[in-house]
1. Using the alpha-carbon atoms, what tilt in degrees (0 to 90, nearest 10) does helix 3-20 show relative to the longest principal axis of the chain?
2. Any chance you could check the Cα centroid distance between the stretch 100-158 and the stretch 25-49 for me, in angstrom?
3. Under the definition of Cα pairs under 8 Å and six or more residues apart, what whole-number percent is the relative contact order of the stretch 118-173?
4. List every residue whose amide H lies under 5 Å from the amide H of D151, counting only residues 5 or more places away in sequence or on a different chain, with H placed 1.01 Å from N in the peptide plane.
5. Cα-Cα over 25 Å: which of K66/K162; K115/K162; K68/K155; K66/K155?
6. Among DSSP bridges having both ends in the chain, what percentage is antiparallel? Round to the nearest 5.
7. Using only DSSP helix segments of four residues or longer, with each worth -39500 (n - 2.57), what per-residue ellipticity at 222 nm results for the chain after dividing by its residue count and rounding to 500?
8. Would you please give the residues with an amide H less than 5 Å from that of T138, counting only those at least 5 places away or on a separate chain, with H modeled from the backbone geometry?
Amino acid sequence: MSKKDKELKNEGVNELETQENPEVETEAQETQVDETEALKARIAELEDIRLRQMAEFDNYRRRTNKEKLELLETAGERIFTEMLPLVDDFERALAVVEDEGVRLIYQKFIAFLEKNDVHAIETDGVDFNTDEHEAVTTFAAGEDKKGKVIDCTQKGYKLGDKVIRFAKVVVGE
């Protein structure tokens, strides 16, 4: 008997067994269903892991981009904060000396700051605002000056919307 004949005979015997014994067929089907369910569960688990890792990486990327942006802004803030005493010195020099060269350098310096979004905080006759002003002292004033800035002892500055130096002011009471 050839090998092929033996295989056909074995298949025939297996078919007879499953026809004669339906429990064997049911067990085989249940085993296949169990394996299929296990594989589906594993696929779902791996898909969940993949989605979580993608979300985690996306959060990491956003966080590092935000940190880089904050680092750049903070570095610029420190530089501009250290330049502000120079602006104060220029203003004191202009109050004493009427030199055109000093005025020109001062104007260029202010233009540079404004180009980089550094602006002086308004203090002339505005309401006192603790978000922008620091009260050095209070001064008795009329009812119309109550709660308003009367004098500015040191200019304040903002970098964009962030205060980098509070304006030191005298407030009317």
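1. Approximately 80 degrees, to the nearest ten.
2. Their Cα centres are 73 Å away from one another.
3. Rounded, it is 47 percent for the stretch 118-173.
4. Correct list: V170.
5. Working: K66/K162 17 Å; K115/K162 16 Å; K68/K155 30 Å; K66/K155 31 Å.
Correct reply: K68/K155; K66/K155.
6. Working: 11 of 17 bridges.
Here the antiparallel bridges make up roughly 65 percent for the chain.
7. Only helices count here, giving -23000 deg cm²/dmol.
8. Here V171 satisfy the definition.
Where a number appears in this text, it was derived from the coordinates with a stated rule and is not lab data. In this text the structure is predicted, and so the values were computed from the model without any measurement. Reconstructed Cβ throughout: ideal geometry from the backbone, glycine too, with neighbour counts over all protein chains shown.
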